[in-house]
Every structure is written in structure tokens, then in C-alpha cells.
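The next block holds one structure in the form of C-alpha cells; read it before the comments.
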Amino acid sequence: MARIAILLNDRCHPKECQWECQAYCPPVRMGQECIVEGPTGKPIISETLCIGCGICVHKCPFDAIKILNTPEANPAEIVHRYGYNGFRMYRLPLPPSRGITGLLGPNGTGKSTALRLLSGSLVPNLGDYASAPDWNRVFEHFRGTSLHAHFERVAKGELRAVVKPQYVDAISEVPGTVREYVAGAGGTAEPILEALRLAARGDRRLSELSGGELQLAAIARTLATDADLYLVDEPSSYLDIVHRLEVARVLRRLGETKGVLVVEHDLALLDYLADQAHLIYGEPAAFGVISHPIPMRSAINTFLTGYLKDENVRFRAEPVRFVAHPPKASARADVLVAFPDLEKEFPSFHLRVSAGALAKGQTVGVVGPNATGKTTFVRMLAGVEPPTRGSPPAGVTVSYKPQYLKATQPASLRERSAALASDPTFDTARFERELVPGLHLDEILDVALTDLSGGELQRAAVALALARTATLYLLDEPSAYLDADERMAMARLVRRQVERQSVSALVVDHDVYFLDLACDELMVFRFDAPDGSRGRGDGPFAMREGMNRLLSEVQITFRRDAETLRPRINREGSALDREQRARQEYYYEAPA
Ligand code: ADP
Ligand code: ADP
């Protein structure tokens, strides 16, 4: 058993506290140098003198310390360590020479670090963070394994690895057009622009693109580059279901001749995309252990069950369960919000939404391609976008979580909720007792919102939205930036909150597992003109009909996994795929 003491550098502000970590540390009070000031002015916590009491963890006003025991991790397997009290990575994924390998695990457990190590942009220090990088030690460490040959080629500059970065927002600041950017790494732009249907936008400036278009441009550039190994970090962010599948198809084609390693949290997509996966377990920001490679179907089943048999590691208390049959259609008697036909005319887009009703206690998914008007519809109901025709229902109070989040104030979540305590529409008790624990926000309550990662900010924003008293909750892409575990926890929590309060929620999202777990019904949006200038929204429909409407547009069918009952995308043209299309059953088994 190894004890690990982690100092989260970004959160530690040694000039703004009383050094509570040191002042209250029992070994320090006994005269031992368990916590001392390091050369950067921040504390260094000795892992040998630490007794694991956890007092510093609780006393730190910025939640900057983690102390934990790691029965699972073998110190001899450390491949990289960021500093004495820094994050540690145990083992590495095996980069395939051909085919697609997935990497699946919680945020902050080292997936991006693993990609950097494999690409050679970071030389593995094997735990010795103080010495200069040394390839000979790396070769020695990996002797007799396939990573040995990999790193020899990396060290000699013989292996060309290309990375699709996780965050694509920054690309919008690159000058030039989409076509120039995609060809920029020495590749040929045209075929991949065609394959991703970006050709029509090839002459646009990057600064004019939406999030989804930036993602496609980043993927296109990576794929246009001639390399031996392709490292693709979160290709689905900002993409709708149609584009997720298109990207999957393009990556699979690449995998026929090249090696591809993909980090992805959309489980339906990863399942369809990859041949095998490494699971990662550990503690976010503290350590991450890479499992052996597992064939794809068992990898996701293992992930959902939460128990890695080979290594005897349990990483989830309760398995995630799916049900094979759609939820029973509710008696529509308990209507909470009824809305009439609504229309919105923008200069170059016309949206029509047919009248519908939301029932008490129901979470309704809002699905469909990007730019079909989902956000506009939500904004009309929220009263922030006046409809051109039809009026939004009166007397409905709405709590809205927008798609794009930006923290502007340095306040922490605790300060934010304290400031809202006097607001009669903010339910402090619900926030503290249900939402903070349910979304695992305890650890980041005292961190400035501006310092939170994308996934942390998302969870904070959803908690603040759900803490408002409202009849209708509107959550626009709550799964964005979340890892697969957080998505499933979020799905359950939204559903439970809505049921308990007998209110209603509309959730815009593209992750099928998230929708399956969270929703009772679906509203389906689609283009109503070939040039994309008109959109239309219908529903809500029962899950089965909603899924059939959505999936028939994109021509994808799902089957059920026998063991976990989770939905799995059928291979195009497989016997099952053809048979289900003929029956027009895209998602659920036909009712008996
Ligand atoms: P993931 O991709 O799984 O979210 P990362 O590989 O980005 O995880 O990061 C894992 C942990 O390593 C982070 O929580 C962060 O604390 C730490 N880390 C990442 N990069 C650095 C760095 N350059 N210096 C110090 N710590 C880092
Ligand atoms: P979705 O949420 O399905 O991606 P949106 O509702 O965001 O779709 O957008 C639908 C269409 O309406 C897009 O073509 C968008 O450019 C257009 N649109 C949205 N808001 C405005 C606005 N304020 N002014 C002009 N056009 C808009």
C-alpha cells in the first residue's frame, strides 16, 4: 500500500492562507518535517512522514490537498510523475500499429498525459521528476514489451505521431481559412473535407465557425496529416449524432491501414468505433492506472459493471443498469406545461415547432442535428427569445442552463450559493443536501469558478440551475465535457430531481446512453429544407417513437447487449441492421 500526497498547484495560494495544512499537521506539531515550504513557496508534503490523518485536507481553505492510499498501484509501474506531490501515471496504453484502441476513464486520470507520452512530446520520467529526460532509462524500463520498440522509434524521430487535441475552441484564433488550416500540416485537404462534408465551408475563416465545425476542422487536419500513429482526444465534443457517426466512419476507415488511439466518453460511439480499449482507474488529479487492453464489448461491460477481474479492482460501487424496453407511456393526464405551435423567423433560418405538452415528473430529451433550432426552441420557452408566431405558455417559471458556459467571476461555488441564499427562488437546502453530493461537488466548493475545468464548471452550472425553484428546467447539453461516469450520475440525478418535485425538464443532448438513462420522452428536431434554412420540431413522443424518428433520419440501428442490456450500434449492412430497418425498429425490440 502506497500513500500518496497530492498538492493541486493551481488551487494552492500560500500567500492567501494561514498555512493551515502545516499548522494543524500532527507530525509537524510533534516536531517532524512532514509539511515544509518548498522552493516555489508552496508546501511540500512528505509521503513517508504523513500519517494519513486527513486533517490538512479538511483545513485547507482552497481544497488543494489530497491524501490517499493506493492498494492497486505498484510504484515500479510509474511511467510519469509531475513533481513530488504531483499526479502519477501507472503503465501506458499500447499504441496499435493498425486498428483502433480506445481509452476510457474518468477525467483527470491521465488520458491526455498518456497521449503526450506516447507521441513523444513528453518524455516518460518513470517517477524521477527531478532528473533530465533520459531515453536510455525509458528503453530499459520497457525492455521486452512492445512499448520498447515504440519508444525507440519515437526517440529516433522515426515514428510520426499526430494528436487531435481535446480543446478545439482555441483553433478559432488561428488566422486563415478552414482549407488552409486542414492542409497546414502538410496534408491534402480535399478528400477529408469532402468526407466530413466540410468542403462547402472550406473558404470560411476559422474565427467564424461554430464549436461543432471547429471540431470537424481539427479532426480533418489530423486525418489529412500523413503519420504512423493517430492520437485522437475526444472527437465527439460539440458534434451532433449525425456528425459523431460520420467521424466514426472516417476513423474506422483510417484504422484499416493505420494505428489510432481514441479518448472518448460517448460510450455508444466508442463501442462502435474501437476494436479494444484500455480502462483507466485511479483518483482524478492524483493517480491513474491503465488496464490491460480489453476487447471492446467486454471493455464497456466491465466499465459499466465496475469490476476489473484480472486486476481485482472495483471502481464503481453500483453497476450501471439499462432496461431493454421503453418506459411505459405515461397517462398524459398530468400535463404541466402545454405549448402551442411556435415559429421563429431569423433572416436566414425559419423554425416551426408543433404544439406539445410536457407531463409532470418527466424528463424530455430534445434531439436532432445541430442548427435545426433546438436551442432557439428552448430559448422561446424560457422567454428569452420572443416567437414570431405563437406565444410561450404563461405562468411557467423556467430555470435555464445554457449550452456555452463561461465563468466570469472569481467567486467559488460556495460563495455563489451563499449570495443566492436570500433569493426566494434559490433552494439552498436542495443545493447543499442533494445537488452538491449528487454531482460530487464537495471537492470543488471552494475553488474559484474561473479555475474550474470544463467538466467541473458544467456540473456546477447544472447544480445551480436545478437549485432554482421552477416548473420547467431547460438544460442545454449538460453532458458536454463530462466523463462517462459523470454523465451517468448526471442522468440519474436530473431524472430523480424532476420526479421528486413533479416538475418537467427539457434536456438537449447528443449522447445516446445519457438520453436513454435520463429521459422518459423525446422531442425530435430535423431540417425541413435541403439547404438547412428551415427546421422543425415535433413531439414529445414516447421513447420508442422518438428514437425511431431520430434514427431513421440518420439510418442507424441499435441492438441490445445480452449481458448489460445496453444499446449497441449495429454494423451498417449487417443482417440485424437490415432486418431492423425493414421492420422500422431502430432502437427497441418490437413490443411483444
Ligand atoms: P485527463 O486527460 O484524463 O483528464 P490529464 O492527463 O489531462 O487527465 O491530467 C491528469 C492530471 O495530471 C491532472 O489532474 C493534472 O492535475 C495533472 N497534470 C496534467 N498536466 C500537468 C502538468 N503539465 N504539470 C503538472 N500536473 C499536470
Ligand atoms: P441547434 O440548437 O439545433 O443547434 P439553434 O437554435 O442554435 O440550433 O440555431 C438554429 C439556426 O438559427 C441556426 O442556423 C442559427 O444560425 C440560427 N440562429 C439562432 N439564433 C439566431 C439569431 N439570434 N439571429 C439569427 N439567426 C439565429
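Points worth noting:
- Scope the range 28-57; condition among the aliphatic types (A, V, I, L, M) and either within 19 Å of residue 14 (Cα to Cα) or open to solvent by less than 20 Å² (accessible area, probe 1.4 Å) (or both); matching residues: 28, 35, 36, 44, 45, 55, 57
- The combined condition, being over 20 Å from residue 458 (Cα atoms) and touching a Leu at 6+ places or on another chain (Cβ under 9 Å), is fulfilled by residue 388.
Listed here are the residues, each with its yes/no results for (1) in a strand (DSSP E or B); (2) acidic (Asp, Glu).
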| position | (1), (2) |
| --- | --- |
| 322 | no, no |
| 325 | no, no |
| 343 | yes, yes |
| 357 | yes, no |
| 372 | no, no |
| 375 | no, no |
| 378 | no, no |
| 383 | no, no |
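- The residues in the range 543-574 that are open to solvent by less than 70 Å² (accessible area, probe 1.4 Å), in a helix (DSSP H, G or I) and not hydroxyl-bearing (Ser, Thr, Tyr) can be counted, and the count is 7.
- Qualifying position, being part of a loop (DSSP other than H, G, I, E, B), more than 28 Å from residue 108 (Cα to Cα) and not assigned by TED's automatic domain parsing to the domain that holds residue 118, among 187, 144: 187
- Residue check for residue 101: of a type in the set (Ser, Thr, Tyr), modelled with pLDDT of 95 or more and more than 16 Å from ligand 2 (Cβ to nearest atom): yes
- Residue match in the range 318-338 (condition: modelled with pLDDT of 90 or more and open to solvent by 80 Å² or more (accessible area, probe 1.4 Å)): no
- Count of the range 226-246 residues which are modelled with pLDDT of 95 or more and hydrophobic (A, V, I, L, M, F, W, C): 3
- Of all residues making up the range 359-370, the number that are closer than 25 Å to residue 216 by Cα and either within 16 Å of ligand 1 (Cβ to nearest atom) or not in a strand (DSSP E or B) (or both): 3
- Within the range 1-46, considering residues that are touching a residue at least 24 places away in the same chain (Cβ under 8 Å) and among the hydroxyl-bearing types (Ser, Thr, Tyr), the one farthest from ligand 1 (Cβ to nearest atom): 24
- If the condition is being at pLDDT below 90, surrounded by 15 or more Cβ atoms within 10 Å (Cβ to Cβ) and polar (S, T, N, Q), then the range 399-425 contributes only 403.
- Test for residue 231: is it assigned to a helix (DSSP H, G or I), in contact with a Ser or Thr (Cβ under 7 Å, 6 or more places away or on another chain) and crowded, with 24+ Cβ neighbours inside 10 Å: no
- Residues located in the range 368-387, provided they are out of contact with any Gly (no Cβ under 7 Å at 6 or more places or on another chain) and either more than 18 Å from residue 350 (Cβ to Cβ) or surrounded by fewer than 24 Cβ atoms within 10 Å (Cβ to Cβ) (or both): 369, 375, 376, 379, 380, 381, 382, 383, 384, 385, 386, 387
- Total residues in the range 262-280, condition within 16 Å of ligand 1 (Cβ to nearest atom) and among the aromatic types (Phe, Trp, Tyr): 0
- Pairs, first touching a residue at least 12 places away in the same chain (Cβ under 8 Å) in the range 54-67, second among the basic types (Lys, Arg) and in a helix (DSSP H, G or I), C-beta under 9 Å, six or more apart: 65/59
- Test: residue 148 is free of Cβ contacts under 8 Å to residues at least 24 places away in the same chain, open to solvent by less than 60 Å² (accessible area, probe 1.4 Å) and away from ligand 1 (no atom under 12 Å from the Cβ): yes
- The lone criterion from (1) touching a residue at least 24 places away in the same chain (Cβ under 8 Å); (2) acidic (Asp, Glu); (3) open to solvent by 10 Å² or more (accessible area, probe 1.4 Å) left unmet by residue 509 is number (3).
- The range 67-115: number of residues that are assigned to a helix (DSSP H, G or I) and either away from ligand 1 (no atom under 15 Å from the Cβ) or in contact with a His (Cβ under 9 Å, 6 or more places away or on another chain) (or both): 5
- Among residues of the range 423-436 that are of a type in the set (Val, Ile, Thr), those with a Cβ under 9 angstrom from a residue that is in a helix (DSSP H, G or I) and open to solvent by less than 40 Å² (accessible area, probe 1.4 Å), sequence gap 6+ or separate chain, pair up as 428/417; 428/420; 436/413; 436/417; 436/463.
- Sole exception among (1) surrounded by 18 or more Cβ atoms within 10 Å (Cβ to Cβ); (2) of a type outside the set (A, V, I, L, M); (3) within 17 Å of residue 370 (Cα to Cα) for residue 532, by number: (1)
- Of the candidates 494, 507, the single residue that is over 24 Å from residue 371 (Cα atoms) and modelled with pLDDT of 95 or more is 494.
- Among the residues here, residue 526 qualifies as open to solvent by 30 Å² or more (accessible area, probe 1.4 Å) and within 11 Å of ligand 2 (Cβ to nearest atom).
- Selected residue [assigned to a helix (DSSP H, G or I), open to solvent by 10 Å² or more (accessible area, probe 1.4 Å) and farther than 20 Å from residue 165 by Cβ] from 297, 244: 297
- Within the range 460-513, the set of residues being assigned to a loop (DSSP other than H, G, I, E, B) and of a type in the set (D, E, K, R) comprises 477, 483, 509, 511.
- Checking each residue in the range 1-25 for being surrounded by 13 or more Cβ atoms within 10 Å (Cβ to Cβ) and more than 30 Å from residue 90 (Cα to Cα) picks out 17, 19, 20, 23, 24.
- Considering residues of the range 1-37 that are assigned to a loop (DSSP other than H, G, I, E, B) and over 27 Å from residue 449 (Cα atoms) only, the residue farthest from ligand 2 (Cβ to nearest atom): 31
The values are calculated or read from the model by the stated rules, or taken from the named source; none is laboratory data. Predicted model only: the values in this text are computed from it and were never measured. No Cβ is skipped: glycine too gets one built from the backbone with ideal geometry, and neighbour counts run over all protein chains shown. Calculation scope for accessible area: heavy atoms of the full protein, side chains included, ligands and nucleic acids excluded. Shrake-Rupley method; radii C 1.70, N 1.55, O 1.52, S 1.80 Å.
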